[in-house]
Structure formats: C-alpha cells, structure tokens
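Here's the structure we're looking at; comments come further down.
Derivation of every value follows stated rules applied to the coordinates shown; laboratory data play no part. From a predicted model like this one, the values you see are computed outputs, not experimental measurements. When we count neighbours, we look across all protein chains shown, and the Cβ atoms used for this are built from the backbone with ideal geometry, even at glycine.
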Amino acid sequence: MNLLEKLVERNERRLKKIDENPDPTKLWSNRLGYEIDRDHYRELLEAWQQGKPLLPWFPSAILARAMGALHMQLETFVDQFPEESPRYYQAVRSMGLPENVCDTMVLAVAAVKLGDLPAPSLISLCPRVPCRLWIYYMKILAEYFNVPQFEIDPPHEYSEESIKYLAGQLGELIEFAERNVPGIKYDQDRHLELLEAEGAWFGYANKEWELRKRIPLPVDSRDTFRQPFRRGPDLIDDTAKLLEFWRQRTEEIEERAARGVGREERLRVLWIWGRPVYADPMNVLEPRGVSVPAVVLPPTATFGGKFPISDDGKELGRQFSPLEHEASNWLSQDMLQRPRRGGHGWAEDIIWVCQDLKCDAIVYYQVVGCLHMGSPAKLVADMAERELGVPTLILAGREMEATFLPIPEFESRLAEFIDMVLAQKGRG
Amino acid sequence: MEDKLKKLVSAGNKENRTKWAHEWQGQGKKVVGVLDNMVPEEVIYAAGMLPWRIQGTWQEDVSRAMIYRMPQTSAFLNHVLQSVLEGELDFLDGMVYSNRDEDFVRFRDYWESLSKTRLVYLIEVPIMDSELTRRRFAAKIREFIGVIEEFGKAKIDDKSLRDAVAVYDKGRALLRKMYELRKRELPPVSGGEALAITIAATVMPRDEFNKELEGLLPYLEKRKANVSHTRPRVLLSSDLLDNPAYVDLVEETGCLVAMDDMDTGSRYFWEMVDGGSEDPAYALAKRYLKSRLPRMVDWQEQAEQLMQWTREFHTDGVLDLTETCDFPRALRRPFLEHWLKEAGIPEVSFERDYHLSNIGQLRTRIGAFLEMLESKTAG
C-alpha cells in the first residue's frame, strides 16, 4: 500500500471513529476537516493513477490547481509515517544522498524513489520558502525522474520591483509548463476564484489566531500540533466545502471561547520550528497543565496560523494581476525577508508572537540539518530572556527518528524544563 | 627566485596572512573580509579597500563557537566563528558574504551579534545563470557598489570599476598561466603549492600579488616541483579547503594533484570578466554566475567542466573531499558520480573536517583509491 492509500484509509478510520463514538471534548468541525483530508489524498491518488500532472513543492499550491494540476506537499505526507523512516533512510543511503540534511525532506525524496509517493510531472526549482536546500531536493527529484525543470530566482525583499520580477517568472513558468507537461492549462478565472478563497481562508485563520490568545485556550493543544491552519483551498477541488469547514471551525472556537471552555492552564508554551513526530510532546505537557497556542513551523512560516493579507496592490496605487497577487503573497511571508532582516528580525518576530499569545516559555526544537530555522535558536533564547524574561529550552533532533534525541531524553529534558519554569513562577 | 616562490607560497599561512591587511590599515585604508567566492571583490578594490579572504582557525577546538552553533552545521563556519570569538578577526573593518548556502545566510546573525565589524553585508546571488538572473544580479552589484561607496566614503565610477576588473583579470590570467604549466608530466608546482599561491592572491593587494607572480612565471617555466609521485594524476575537488596541508596529505599518500576543482583554487579565478561589456556591473554579474560551484544548479555543466579538465590535465581520477555539512556539494555528489562514471572517469568521495584531522583514516581511504587508479592505468 502506498502512502496516499494509507492516508485515505487512516482518515476513513478517523471518520468512522467520530461517527461511532463522538468525543464531546473535541471540535465537531474536526469531522469535516478529516473529510477534507481524505478527499485531498483521494484526489491525489486518483490523479496519480490517471497520470494527471502532479507538482511537488510548487511555488503556489493554488496556482498549481489553477493550472489543472495538483500540488503535493511531500514532506507532510511522509512525516505522518515515522515508522517508515528506517526503510527510507536505507534508500537515502543507496541513493548516495547525505543523511545529515533535514530528514523529512530527504526522506520524502526517498519515498518517491521507492514508489510510495508519486513522481513529479514538473519541477519548479524554487519553493515558496526561503530555504535554499529545498531547491536541491527538487533538483534531485528532477534529475532522478528526468522531468522538466524550471528555475525561479526568488528575490528576498518586498518591493514593487521584486513583485514584478517574481510575477514575470511565474508567467514564464506557466508557459513552460503548458508547453512541456500534458494536461497543464492555466485558467485565470479559476485562479481568481482560488485567490478569493485563499483570502477568505486567511481571514478565518487570523480570526482563530485572535481566539488563541484567550485563556484558557479554546482548542486542544494537540490540535495545535496538527497544524489545522494548513488546510487551504489548494487541498480539494470543492472550495465551498473547504470554506464551510473554516466557517464551522471558527464559529465553534468562538463559541467555546465565549463560554470559557478549555483545559486549566498553568503555563503557556510557544513551540518553535520542528517537532519530533516519533514522540508526543503532549505526554509531558498535558499532565503539567501546559497549553500550546501556536507551533511556529515552516514551510508556511505564518507563526502557526497568522497569515499575511495582501492589500492587492492598494499601497502601490493599482490592482495586482493574479500573478502579482501570488508574488505579493509570496514576498509577504516574513521568512523570505529574513536573509535581509537576519536572525534578529526572526527573534523580534518570536518576541512579538510570545507577547501576542501571552506565552510564558519557549521550546525551540532545532531540526538537525535545517540551518535556516535552527541556527537562530540561541539568538531567540537570548532575546526572549532579556526582553521578556521568558526562558527557552533548545532541543536538537530529527523529526522522524530518535537517533539524535531518544524519546526518554526528549521527555525528561522537556519535563525538567517545564517543572523548572513552573517552580520559578510559583505554580509548581 | 626559489626564495621568492617560497615567500609567495607562505603568504596565506596563518603567520603571514594578516600582514598586508595590517599594512593597508596602517596607511589609513579599510580592510573588508570576504567570506566566499561569490562576492565581487573588484567592487571593494575599486573603492580603495582591501578585500581579504576570511579563514577559520585551523585549531581543532571550536567549543566556544558551538555554544551558538547547532549540530551538523558547516565546519568551516564553526571555525570562523571560533576565530571571531577569539578576536582573531577584530581587525576587519567590514565583512561581506553571499547567500552561498543556508548556513552562510544565517551566519550573519552570529557575526552581527558577536563581532566588532562595522559593516556586515549580504550580497544576494542567484543560483542559476540566465539573462534574467544576470540582470538581477547586476542590479544587486550596483546596490553593493552604493553600500561600499558609503562605507568607504569613496566614489566608484565605471572607470574605477573597470580598472579594478583589469587588475583582477590580470591576476586571473596569471594564475591560469601557472595552472597551464600543471598539465606537464612533472609540473613546476605541487598541488599544495598551487593552492597556497591561489590563497595568497586572496590576502594580498592584487596588484602586488600580480607583480610577484608575473615575476615568478619565467622561473616556473623551468622549475620542476619536488614531488614524490607523478602518477597517478588526480583532480582534487572540494570547497572551503584553505589549508594546503590537506593537498600535501593527498600527494604524500602517493599521487600528483595535477588539477583542482575548488572554490579556493581554480574556481576562484577560472572565469574572466568580459572587458568589452558596456556595463561593468553586468559584466561582473555574468562572470560570477559562471562560477560552476555546487551551489549553482547547473550541475551537469559542472560535471562537463570536470570532464574537460580531466582530459586537458591528463588526470586519472577525481578525488572529492567534501567538507562535513557542505550540503550543496553533498547533494550534488550522486549525480556527479553518475555523470563521471558514464564518462569513464573514476571518482571517489570522502568527508573531511575543516581543520586537518582524521589523517590516518583519510590516508588509508585515499591510498585505496590511488591503488585502484594505478591498477586501472596498468591494466
């Protein structure tokens, strides 16, 4: 069974469980969320079987859909199967690839090589994230599967010149894809519809962000780790269903917040960057009364759910074209500007998130091999301590397997840190 | 002449490498550290400042740096940070670097927080060479010119930039002449000496370096290097390798390093600037984007360049010494290996640290590769 089949099956099981034994403590809208996930994997599976174009790590997921293709965020499929990592690492070794790069990415390449995930139809040599290592992962996929590759040179700063430069390249990418990949045809009307849906999705997600400031946290912290904010209009063809999920979810959280529903909170922790999917941090956090209002994760790099809303060109005194809108959204992502802003900019953002979500402590999980996000950990820790008196635990490990940080060590270090902060705050 | 050669070979040594920088500063001029190959040094030179290539400490202990650095990061940068923390680079007036890879991009954070350098500047370099990216990079170079002008309180016009380009291109041409001589059965310089001379170019004022090398070339025409082996001939490929002792180690194991593919070696000077271009910034952009370093995505062209050098320098195989956590190079490796294998060129890759270490293990591994090359040649 390939990973997409397993994911369809897994979500079927979840739905069945909810139908047979609904848990009143969980959000009811989760049901629709799982249905969307299942539909997403099913759509991908069918496209794979029918030879439709599939685009991994495309510059814009909704642009892929507007081009008549489907987008694949490969690492988010792989990181749901940590038990497969030994097999994938073996494949990485046999491919001659380094093992010390960020694991979910290189293992995703292995999963494609082993036929557990579909091969790409086209590679765009630039993802919508600033980490240049992604470019090389895509280069590897393109070389292995001998598929057309299109190179995009992404600027880092937000400016009209950058927007034009990037939008121009996106236009060239579309022309290239239409020429080289059967089944690709850009539909601007569909793109506009999807951009509108994306705007609505950002609006809902940002509203949820506001609700996450409430104490007690009106959503389960396990839900935070599942990153529900990633459910965007690129996932399924039925945009109305997707937006209905967000409407239901936001209303439900709003209603919980109004009633003060949520676990008792003794401490709020902001979780940054990676997480070990081979272990469950909540095993340590939940019994200690710790809530996690946000997990700040790439690739969306939206502080765990706060999205940049494009002004659609108003500031520049004109209306953006759909491709300029894409470019603007891309460049609005704070992380992309980090090479210019430096780690201090990132640390300042984390300080802002900490204050905005009223966090008492930070857990910074450096994913080994992820230099982009991992490197500024010490800067963040120093600034958080200095400016907010907020302590940080820095952990380093892989996401998928425990060589660098075995589960007992992970749990004991996390527990020790939480107990120390609780004691310092007199809440022990 | 031999003494002059020895002096040039030792110019980049730990003991000597800051000499010219201090002299320069003694004349009231600024010294700007350059962290990697993608920075157009000509711009700095045109402003009357000395571009000076940064090295890390060659000592093993980087414990102070590792307080800040995460595991599995560039050994070169760990050693550079250790140097920063030990104050070895305090004399630098500025530091310029490119987005060579992710670790370099993030390295700015440490530099800004922990060093005394007044100017820290990242020049954004595209990862591919096309008309679009050349124009983009040219615009970035013009921005860089503005920054350097302000920092150095100096005006860089087209003429001063062209003059600087001419000086640098002369240095490149001289180094290429020296490398041409390496095609001989018994070349005038060993692999270690060739690397040391190239490194000298990166720490000396370029016109002074040019004068020295130009004066030495007639002598090199006649010189025969003191090497223990002339066969097999090896093409050494690596990046961030600035310690000639590594090359000596390879040669002492039983071969001649007849050519290299290194950012501190041939990749530093191989391409020339198009002097006829109307826009010197564009000409620089074009030149730097042809660097053929693993960070650029033209991997197949990079492999073809190695094949061409293999033919021209009569080398028997490619020895790749990838520095630990040099990810672009490590990720390129399986493809390079495949393309070289298809071309019938033996290749092997070993990891190495930045400082000279694991000597015994490296010697054994390299020795096994050389034996294979010898038996292939004999067969």
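Quick notes on this one:
- Within the stretch B:58-69, residues that are in contact (Cβ under 8 Å) with a residue 12 or more places away in the chain and within 11 Å of chain A (Cβ to nearest Cβ) sit with their Cβ atoms under 6 Å from residues that are among the aromatic types (Phe, Trp, Tyr) and not in a loop (DSSP other than H, G, I, E, B), at 6+ positions apart or across chains, in these pairs: B:Tyr68/B:Tyr110.
- Restricting attention to the stretch B:287-298, the residues being surrounded by fewer than 21 Cβ atoms within 10 Å (Cβ to Cβ) and more than 18 Å from the chain's Cα centre (by Cα) number 1.
- For the stretch A:136-167, a residue qualifies if it is part of a helix (DSSP H, G or I) and away from every other protein chain (no Cβ under 11 Å), and the qualifying residues are A:Leu141, A:Phe145, A:Glu160, A:Ile163, A:Lys164, A:Ala167.
- Count of the stretch A:131-164 residues which are in contact with a Pro (Cβ under 7 Å, 6 or more places away or on another chain) and without any contact (Cβ under 8 Å) to a residue 40 or more places away in the chain: 4
- Matching option when the condition is more than 14 Å from chain B (Cβ to nearest Cβ) and buried (at least 20 other Cβ atoms within 10 Å of the Cβ), among A:Leu63, A:Leu133, A:Leu27, A:Leu45: A:Leu63
- Set side by side, the residues B:Met204, B:Met128 differ, and just one is within 20 Å of the chain's Cα centre (by Cα) and within 14 Å of chain A (Cβ to nearest Cβ), which is B:Met128.
- Residue list for the stretch A:1-24, filter: of a type in the set (D, E, K, R) and either buried (at least 16 other Cβ atoms within 10 Å of the Cβ) or touching a residue at least 40 places away in the same chain (Cβ under 8 Å) (or both): A:Glu5, A:Lys6, A:Arg10, A:Arg14
- Any hit, the stretch B:146-169, residues being free of Cβ contacts under 8 Å to residues at least 60 places away in the same chain and surrounded by 19 or more Cβ atoms within 10 Å (Cβ to Cβ): no
- Of residues in the stretch B:98-110 being more than 7 Å from every other protein chain (Cβ to nearest Cβ) and surrounded by fewer than 24 Cβ atoms within 10 Å (Cβ to Cβ), the one farthest from B:Phe327 (Cα to Cα): B:Tyr110
- Residue in the stretch A:205-219 that is in contact with a Phe, Trp or Tyr (Cβ under 6 Å, 6 or more places away or on another chain), without any contact (Cβ under 8 Å) to a residue 40 or more places away in the chain and not hydroxyl-bearing (Ser, Thr, Tyr) present: no
- Tally of residues being farther than 18 Å from B:Pro244 by Cα and surrounded by fewer than 16 Cβ atoms within 10 Å (Cβ to Cβ) across the stretch B:337-360: 5
- Pairs are defined by a Cβ separation below 6 Å, a sequence spacing of at least 6 or placement on different chains, a first member in the stretch B:95-117 that is free of Cβ contacts under 8 Å to residues at least 12 places away in the same chain, and a second member that is in a helix (DSSP H, G or I) and of a type in the set (Gly, Ala, Ser); the pairs so defined are B:Asp109/A:Gly342; B:Asp109/A:Gly343.
- Filter result for A:Ala119 (more than 10 Å from every other protein chain (Cβ to nearest Cβ), touching a Lys or Arg at 6+ places or on another chain (Cβ under 8 Å) and either in a loop (DSSP other than H, G, I, E, B) or more than 30 Å from A:Glu175 (Cα to Cα) (or both)): no
- Selection within the stretch A:174-201 - within 24 Å of the chain's Cα centre (by Cα) and within 14 Å of chain B (Cβ to nearest Cβ): none
- Looking only at the stretch B:194-241, residues that are farther than 18 Å from B:Asp263 by Cβ and either among the acidic types (Asp, Glu) or in contact with a His (Cβ under 9 Å, 6 or more places away or on another chain) (or both) come to 6 in all.
- If you go through the stretch B:131-142 and keep only what is facing another protein chain (nearest Cβ under 10 Å) and β-branched (Val, Ile, Thr), you end up with just B:Thr133.
- Checking B:Arg295, B:Arg311, B:Arg332 one by one, the residue that is in a helix (DSSP H, G or I) and within 23 Å of A:Leu371 (Cα to Cα) is B:Arg332 and no other.
- Residues in the stretch B:114-125 that are within 14 Å of chain A (Cβ to nearest Cβ) and exposed (fewer than 15 other Cβ atoms within 10 Å of the Cβ): B:Leu114 only.
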